[in-house]
Each structure stands twice: as C-alpha cells, then as structure tokens.
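Reviewing the structure listed below.
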Amino acid sequence: MNSYDSIIIGGGISGLLSALVLSKSGKKVLLLERNRNLGNNCNSYSVDGYQVDTGPHAITQLQDGGPLRYLMENYFDYLPAFVDYGDYFIRDEDGLKEVPTTLKGYLTMDILPRKDRLIIAQSLTKMLLSWQFGTDISNISVYQCLPWNTLSPDTKEFMDTFSYFLSGKSAKETSVQRMFVGGGFIEEDIEKDVTHENNEHQYIDKFKKMSYVSRLLNNNKVNYNQYYPRNGLKAILDAILYSLPENVEIKTDTAVENIITVNSTAKGVVTKEGSYFADTIIYSGFAKDLPKYTTDLPASYISDLSRIKQSKALTIWLGLDEEFEEFNYVGGEVWFKNKPFWAMPISNYNKNFAPGGKKLVGFMFSIDGNNSFESEKLDAYNTILRVYPGINNYIDMVHYQMTIPEKASVAINGFIAETVTPIKNLYLVGTDVDDRSMGITRAAYSVVKLITVLKKERIIDS
Ligand SMILES: Cc1cc2nc3c(=O)[nH]c(=O)nc-3n(C[C@H](O)[C@H](O)[C@H](O)COP(=O)(O)OP(=O)(O)OC[C@H]3O[C@@H](n4cnc5c(N)ncnc54)[C@H](O)[C@@H]3O)c2cc1C
C-alpha cells in the first residue's frame, strides 16, 4: 500500500512539474509537502481584499524552446494566460527613466556619470571580445572587470544592484559571464537538453548574441521577452494541479525526515506518519540540506553542497489609493541607491488584484542575513517612504514576506548541483540544479534535465 513508482519530496513548482511529468509518463506518484499548501514560492493568496503573489515575478523565456513553454505544451491540460511584462524603469530623485534598450540609449542616459558609462561599456566590450576568443570569464567578477575604485558611488551601487538581480549576489561575487548570459534576458533554450547535442561553442555563441548586456554592446535593440501570468502566479500552480492525473497522490503537512537507502540506493522515505517506498525518489528541497536526510553521501559531495550560496529577499506589498500616481505604468522599476529594491505594480496587469479604487505594488529588497527581520522590515519600509514622498497618505494595506528566492545564487565559487546524485535512484530538481536563467524558468530547466536523465536511464519512455 505504501509502495509507488516515484516519490517526490516537495510541492513547489519543481516538485509539482516533476510529479506531472512522471505521472503523465504512466508512473504511480506520491508527492510529499511539509507545508499545509502547495506551491511555496510560486503562489498567490488574499490579504485584506488584495491578491498578493509570493514576491514580484517576471516570467522569462516563454518563447518556443523555452523550458516552461516546453513543459506546458507537452504536459499541461491547458495553458495559463500570460501578458507582456511591459517596460523596465530606473528611478532616481528626479523620477522614472526607462532602462535603455539600445547602446545609444545607454550612452546618453543621464542616470550615471558619462565617464562611468563609457568605462563600463569599454570594459564590458573588452571582456566580451576576450570571451569570444575563448577566455574563461566564469571566475572574473563584475567588480574585477571594472576599474572599481574610479567609479562614482552611484555607479558602484548601480552595478551592485544589477549584479544582485542577475545572480543574487554583489558585483564582487557575480561573474561577468553571468552578466552576459544571465538573468533571463536571453533567449537560451532547451535544444541542448532535448537533442543531447553538446556543441558548447555553438551554444555559447548563441548566448553571446542574446543577453541584455551583449545585445546592448552589439548595438542590437533589447527585447526583454518577459511575461506575467494574467491571473497571478497562482495561475501557473492551478494549471499544474488541474493537469495532474489520478495516479498522483499528494500529502501536505507531511515532512520527509529521512531518505531510506540500501547499499547507496534510494528505496523510500520516512515521515512521522510512516514510511513510503519507491523505485525513484526526486528531491526538490534545498540540495544543501540533503546530508540531513541521508548519511550515505560521500564527503566530497557534502563539501560541494556546502558551497551552495543563497540570498534572502524581503517583499513589501502595499495596497495604495489609486490617486497615488507614481505607478501608472506596466512593468517594473529599480531603485539602486541606498537600499535598492525592485518594484512591480501588479494590479496594472489585472485590476482584480486590488479592491475598487486601489492598486497593488510589490517591493522586493535583498536582505542582509545578519540583521533581524524587524530591523530589515523597518529599514525597507522607511526606504519606500523616502523614495516616494507623500506615499504614506495613500497606504491602505501593508504585507511583508521573507523568502529565499532561489535555492542557489549563481555566484563565483558557488556550487550548482547535478540532477544525478551519488545515491542511485535519487535525483534532484530545483533552482540549485541548473544555472540558466532564473527562478521559475530555472526550476523548469531542472525538470527538463530530469526528463533527459530519466529517459536515458530508461525510467520513462523516450
Ligand atoms: C521575492 C521573490 C521574487 C522572485 N522573483 C522571480 C521572478 O521574477 N521570476 C522567476 O522566474 N522567479 C522568481 N522567483 C523565484 C521562484 O519563485 C522560485 O525559484 C521557484 O518558485 C522555486 O520553486 P522550487 O519548487 O524549486 O522551490 P520551492 O518553492 O522552495 O519548493 C520546494 C518545496 O519543497 C518543500 N520541502 C523541502 N523539504 C521538504 C521535506 N523534507 N519534506 C517535504 N517537503 C519539503 C518545501 O516546503 C517547498 O514547498 C522569486 C521568488 C521570490 C521569493
């Protein structure tokens, strides 16, 4: 009775997509989630009449060949509706300025000193060229690639903020390669995963042409290719849940405490209410926590997992009276000076997210793990009051979320795990198992990689 073909540990989007793939491939699946609700970082819920998401989200790479698109087209019973993300803005004391989408626009934007803009363009172009000629730039940081000490304080903060959004870490820990290929601004695809072609050079060439920074440096117009699910993040979760066939059993409020192994082969899991057994176990929690669940991992693997770096995010959702006019656009804005944040007025995608006469805006801050939650909340809230003078007269609702957006930052000297683990029949999925793009797209990449491995190992049919 407690025997399944596959057990999935964790019911966030990676675990649910894995359950969908395996069940639609005919497997009897058990999914165990320790929380009361499914979805974790990919969900929406109600607060005082507003529908907030688990953090502001832009969904990347929904073009043909993008990993989420591939999974939706092949495994979903219906497709959630997505709308264009809109425009990106930078805010400073003078108001909103559109993020440049051409080199000319970049060179003439007045947010950073002209001298710094030229230095950045020159340094990055040099780096891009040496990469094109084969230099490994994966360990050269954005900080190292620029004459950091000559830059103005504003420019340093700008580069740090940009780095954070691309990798989850500062310019010192973000590789310049990530700046060229990362952040979901690129139209990479799953061609390599699906065709098993390993033509790294050709693949990288494609990357170089497509990233935001490299497009800009190559003087091509940038197209963000980002979207938002019209009915909120929950729409993606709902589409997966609707598509799950009957051969998937889900138990929430059920934490896996141990992974049972025999001769370094995974056989099942232990929970408070009993043990469950399966031929294949997929783990979608933090890879760095894996040693807590089994003593069967080699020391070298445990040491690699301990190198996984993470960062924390604080989101403040504000319900505002509609008369407050600072957020009358579709897209997102970045404040990069003194306590940077990314803001997204999500009720501009769908009026139903806020009660009549109100709007809903999410502000996401990166968090210093050494400070208390209370002091971070206060600091972030005061930053909003400082950046938008008078906003306090329009606030109708405040809601805080503290989260780890991605299980692994794509940082220099960080570690990204593989699908296959040293324990036979135990596989990993999630944002610490792939370094492409970010968030939900990265989670989808990890599931596409899982499909490839399971097909190769003849666990599911090709
Ligand atoms: C503020 C914020 C902003 C973001 N912005 C974006 C964005 O703009 N674009 C984008 O694409 N993505 C974004 N993301 C990231 C995206 O939401 C996540 O990367 C994605 O939802 C992670 O999915 P996951 O399934 O890999 O992990 P999780 O959501 O962490 O799910 C893992 C699940 O496993 C469960 N679990 C762990 N251990 C156990 C156990 N022992 N037993 C049972 N269950 C267990 C956990 O409870 C959890 O439910 C953002 C996230 C946040 C928080």
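The values are calculated or read from the model by the stated rules, or taken from the named source; none is laboratory data. Bear in mind the structure is a predicted one, so any value in this text is a computation, not a measurement. Here Cβ is always computed from backbone atoms with ideal geometry, including for glycine, and neighbour counts include all displayed protein chains.
In segment 331-340, is there at least one residue being assigned to a loop (DSSP other than H, G, I, E, B) and in contact with a Pro (Cβ under 9 Å, 6 or more places away or on another chain)?
As a first pass, look at segment 331-340 and keep what is assigned to a loop (DSSP other than H, G, I, E, B): 336-340.
Subset that is in contact with a Pro (Cβ under 9 Å, 6 or more places away or on another chain): 337.
Within segment 331-340 (the criterion being assigned to a loop (DSSP other than H, G, I, E, B) and in contact with a Pro (Cβ under 9 Å, 6 or more places away or on another chain)), the answer is yes, since at least one residue qualifies.
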Practice problem: May I ask you to verify whether Ser300 is assigned to a helix (DSSP H, G or I), modelled with pLDDT of 95 or more and more than 16 Å from the ligand (Cβ to nearest atom)? | Solution: yes
Exercise. Could you check Lys267 against (1) assigned by TED's automatic domain parsing to the domain that holds Tyr394; (2) surrounded by fewer than 21 Cβ atoms within 10 Å (Cβ to Cβ) and say which number it fails?
Key: (1)
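Mind listing whichever residues of segment 257-297 are within 12 Å of the ligand (Cβ to nearest atom), in a helix (DSSP H, G or I) and without any contact (Cβ under 8 Å) to a residue 60 or more places away in the chain?
Going through segment 257-297, the residues within 12 Å of the ligand (Cβ to nearest atom) turn out to be 257-259, 269-272, 276, 281-290, 292-294.
Next, only the ones that are in a helix (DSSP H, G or I) stay: 287-290, 292.
Matches in segment 257-297: Asp289, Lys292.
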Quiz prompt | Matching residues, segment 412-431, being at pLDDT below 95, away from the ligand (no atom under 15 Å from the Cβ) and either hydrophobic (A, V, I, L, M, F, W, C) or touching a Pro at 6+ places or on another chain (Cβ under 7 Å) (or both) | solution = Ile412, Phe415
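Could you please find all residues in segment 18-38 being near the ligand (Cβ under 8 Å from one of its atoms) and either farther than 25 Å from Ala266 by Cβ or of a type in the set (A, V, I, L, M) (or both)?
Pass one, segment 18-38, residues near the ligand (Cβ under 8 Å from one of its atoms): 32-35, 38.
Within segment 18-38, Leu32, Leu38 meet the criteria.
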Quiz item: What about Ser446, is it within 10 Å of the ligand (Cβ to nearest atom), farther than 23 Å from Met344 by Cα, polar (S, T, N, Q) and touching a residue at least 12 places away in the same chain (Cβ under 8 Å)?
Solution: yes
Quiz prompt | Residue list for segment 39-49, restricted to those being more than 10 Å from the ligand (Cβ to nearest atom) and either touching a helix residue (DSSP H, G or I) at 6+ places or on another chain (Cβ under 9 Å) or assigned to a strand (DSSP E or B) (or both) | solution = Ser44, Tyr45, Ser46, Val47
Quiz prompt | Enumeration of residues in segment 55-77 that are on the phi > 0 side of the Ramachandran plot and within 11 Å of the ligand (Cβ to nearest atom) | solution = Gly55, Gln61
Quiz item: Could you list, in sequence order, the residues of segment 85-104 that are under 21 Å from Lys337 (Cα atoms) and either in contact with a strand residue (DSSP E or B) (Cβ under 7 Å, 6 or more places away or on another chain) or small (Gly, Ala, Ser) (or both)?
Solution: Asp87, Tyr88, Phe89, Ile90, Arg91, Gly95, Leu96, Lys97, Glu98, Val99
Exercise. Would you mind telling me which numbered condition in (1) farther than 22 Å from Ala299 by Cα; (2) at pLDDT 90 or above; (3) surrounded by 15 or more Cβ atoms within 10 Å (Cβ to Cβ); (4) of a type outside the set (S, T, N, Q) Leu378 fails?
Key: (3)
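Determine if segment 397-411 includes at least one residue that is more than 30 Å from Ser300 (Cβ to Cβ), part of a strand (DSSP E or B) and away from the ligand (no atom under 13 Å from the Cβ).
Taking segment 397-411 first, the residues more than 30 Å from Ser300 (Cβ to Cβ) are 397-403.
Of the ones still in play, those that are also part of a strand (DSSP E or B) are 397-403.
Filter once more, so that each one left must be away from the ligand (no atom under 13 Å from the Cβ): 397-398.
Checked against the condition, which is being more than 30 Å from Ser300 (Cβ to Cβ), part of a strand (DSSP E or B) and away from the ligand (no atom under 13 Å from the Cβ), segment 397-411 yields at least one hit.
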Quiz item: Within segment 100-139, which residues are in contact (Cβ under 8 Å) with a residue 60 or more places away in the chain and aliphatic (A, V, I, L, M)?
Solution: Leu103, Ala121, Leu124, Leu128
Exercise. Would you be able to tell me the number of residues in segment 122-148 that are under 19 Å from Phe336 (Cβ atoms), of a type in the set (S, T, N, Q) and either modelled with pLDDT under 85 or assigned to a helix (DSSP H, G or I) (or both)?
Key: 1
Quiz item: Which residues, taken from segment 223-259, are of a type outside the set (D, E, K, R) and at positive phi?
Solution: Asn225, Gly232
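Among the listed residues Asn371, Asn393, which satisfies the condition of being surrounded by fewer than 19 Cβ atoms within 10 Å (Cβ to Cβ), outside any helix (DSSP H, G or I) and in contact with an Asp or Glu (Cβ under 9 Å, 6 or more places away or on another chain)? Explain how you work it out, then say what you get.
Numbers: Asn393 fails: outside any helix (DSSP H, G or I).
Being surrounded by fewer than 19 Cβ atoms within 10 Å (Cβ to Cβ), outside any helix (DSSP H, G or I) and in contact with an Asp or Glu (Cβ under 9 Å, 6 or more places away or on another chain) holds for just one of Asn371, Asn393, which is Asn371.
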